[in-house]
Protein chains: 2
Amino acid sequence: MKALVVGANGQIGKHLVTYIQESEKLEAKAMVRKKEQFPFFEEKNAEVALVDLEEDIDSIAKAAKDVDAVVFTAGSGPHTGKDKTIMIDLDGAVKTIEAAKKAGVKRFVMISSFDTRRQAIQDAPESFAPYVAAKHYADEWLRASDLDYTIVHPGLLTNDEGTGQITAGMDLDASEISREDVAKVLVACLENDKTIGKEFQIVNGNTAIEEAVGDL
Amino acid sequence: MKALVVGANGQIGKHLVTYIQESEKLEAKAMVRKKEQFPFFEEKNAEVALVDLEEDIDSIAKAAKDVDAVVFTAGSGPHTGKDKTIMIDLDGAVKTIEAAKKAGVKRFVMISSFDTRRQAIQDAPESFAPYVAAKHYADEWLRASDLDYTIVHPGLLTNDEGTGQITAGMDLDASEISREDVAKVLVACLENDKTIGKEFQIVNGNTAIEEAVGDL
């Protein structure tokens, strides 16, 4: 199964491409927006597609035309302006969903935020609420699509080394999770079709990732 | 017919409440977020509701519980940060749509932007694209609802005196329209159920507003 990784040059994206290339069942196609970003992925023998997420749906669909799944890991990051929140976290995600449809790719795995429900927008600190709102609407768009989706809601991301162990479920208490483990969860989702149509939160925990994801 | 005007204290909103109060068939309930904004509307014998659009759906629904229609005229304005674009132009609009549903109000008139189609997001200058995207998703949410909606797409807004004459349709060339005439179009929509389920652009023109709206 070949998966297009949108936002491959991000922190989670790089781990994800690495783990996908290590998996026997999967191969990665890294979507990045600069040629300078190619070498990291080429070294891992991953295919690379040069597309800026601010381009149109057709450009993304072209990158998706020969894959079996799309993983959306792109994020505007906390240090960009709020204009990028709507253009990347919301519109970039929706364009990717529409591109997957256009390319005939049914499987779609989305990295969301820990809690994107309506109440979470209301409860968020003023500076964080626009990001939560953007992710809320991106998730809604995906749920309303007819794609085989999985939505992963990670806790507070850290650069700690992954442990391979998590807690997965809904209504978890917010706590940390490493980007390495998030990437491993995404691989586990791609490898397990029982995650189709599901969404769940993940934080550090005591259950092996494959088991936690399989038990959902 | 009583109409809740969301964003009543805005430039279009004030004209709209004025014209609604002058209409024989309509009465206005002005939703504003500050007590200091009451006198303008009280002088026009309009009812007033004190609700900030950043509050939750229930607060807006409470303001809508005794009305027959909702008009969304709120806008973050060009001088607010892009965080307000997503929180007001998108999320504020969606919360108002959900509040109308919750209050059992079927009729909903939306002021949109001149062109909120996918291609318009792509084509917009970088500084304007987030606003177009926000309006795009708000319009999509309304279309997907089961409300009796009308979506009005005005051209470049001016503070010129209204002429009472417009051109209405789709795929118009972008040009100006006064806020006074936009407000009159909204009144014409409320008064004419043939506008239900329709959306159209408006610019300055040579057709009387009631006729232009009736011919759609």
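Brief remarks on what is shown
- Efficiency of FRET from Cβ geometry, A:Lys35 and A:Ile196, R₀ 35 Å, rounded to 0.05: 0.50
- Surface share of carbon and sulfur [accessible, 1.4 angstrom probe, percent] for the range B:2-214: 45 percent
- The protein assembly as shown, helix-only ellipticity at 222 nm - DSSP H runs n ≥ 4, -39,500 (n - 2.57), divided by all residues, nearest 500: -11000 deg cm²/dmol
- Karplus-derived 3J(HN,Hα), 6.51/-1.76/1.60, for each residue of the range B:180-191, Hz, glycine and proline x: 4, 5, 4, 4, 5, 5, 4, 4, 4, 5, 4, 8
- Other residues whose C-beta falls under 12 angstrom from the C-beta of A:Pro154 contribute a net charge of -2, scoring Lys and Arg +1 and Asp and Glu -1.
- Accessible surface buried upon B-A contact (total; probe 1.4 Å; Å², nearest 100): 1900 Å²
- Taken over the C-alpha atoms, the range A:89-216 has Rg and Dmax values of 14.3, 40 angstrom.
- Burial here means at least 30 square angstrom less accessible surface with every protein chain in place than with the chain by itself, probed at 1.4 Å; in the range B:104-153 the buried residues are B:Arg118, B:Gln122, B:Glu126, B:Pro130, B:Tyr137, B:Trp141.
- Sorting the segments B:168-175, B:125-132 by their residues' average number of neighbouring beta-carbon atoms within 10 angstrom, most packed first, yields B:125-132, B:168-175.
- Spin-label proximity, A:Asp123 to the range A:178-216 - amide N less than 17 Å from point 7 Å beyond Cα toward beta carbon: A:200-203
- Solvent exposure of chain B, expressed per residue, is 42 Å² of accessible area, with all protein chains present and a 1.4 angstrom probe.
- Considering only the range A:2-214, percent of DSSP beta bridges that pair antiparallel, nearest 5: 15 percent
- Measuring with a 1.4 angstrom probe and ignoring ligands and nucleic acids, A:Asp123 comes out at about 110 Å² accessible.
- Each of B:Leu147, B:Ser23, B:Ile202 was placed along the dipole of the range B:2-214 (beta-carbon charges, centred on the mean Cα), and the one lying farthest toward the positive end is B:Leu147.
- Within the protein assembly as shown, antiparallel bridges make up roughly 15 percent of the DSSP beta bridges whose residues both belong there.
- Calculated on the Cα set of the range B:1-109, radius of gyration then Dmax: 12.9, 39 Å.
- Remark: the range B:54-61, residue by residue, has Karplus-estimated 3J(HN,Hα) of 8, 6, 8, 4, 4, 5, 6, 4 Hz, where x stands for each Gly or Pro and the curve is 6.51 cos²θ - 1.76 cosθ + 1.60 at θ = phi - 60°.
- Amide H partners (placed H, <5 Å) of A:Asp148, local residues excluded: A:Arg107, A:Phe108
- Rounded to the nearest whole Hz, the Karplus-based 3J(HN,Hα) values (6.51 cos²θ - 1.76 cosθ + 1.60, θ = phi - 60°) of the range A:119-136 follow the sequence 4, 5, 5, 4, 7, 5, x, 3, 6, 9, 4, x, 5, 4, 5, 4, 5, 4, with x at glycine and proline.
- What you get for the range B:2-214, charging only the Cβ of Lys and Arg (+1) and of Asp and Glu (-1), is a dipole of about 480 debye around the Cα centre.
- Of the residues B:Asp139, A:Asp215, ranked by 1.4 Å probe accessible area with the largest first, the sequence reads A:Asp215, B:Asp139.
- Measure of compaction for chain A (Cα Rg per 2.2 N^0.38 Å): 0.93
- All Cα pairs of the protein assembly as shown, percent lying beyond 41 Å: 24 percent
- Using only side-chain charges placed at the Cβ, +1 for Lys and Arg and -1 for Asp and Glu, the dipole size of the protein assembly as shown relative to its Cα centre rounds to 220 debye.
- Taking the range B:80-216 and dividing mean pair separation by its residue count, relative contact order in percent (alpha carbons under 8 Å, at least six apart): 25 percent
- Positive-end residue, chain B charge dipole about Cα centroid, Cβ charges, pick of B:Val94, B:Gly75, B:Asn192: B:Val94
The values are calculated or read from the model by the stated rules, or taken from the named source; none is laboratory data. What you see is a predicted model, and the numbers here were worked out from it, not measured in a lab. Counting neighbours? That spans all protein chains shown, and the Cβs are built from the backbone with ideal geometry, glycine included. Just the protein is used for accessible areas: all its heavy atoms, side chains included, with ligands, DNA and RNA removed. Shrake-Rupley method; radii C 1.70, N 1.55, O 1.52, S 1.80 Å.
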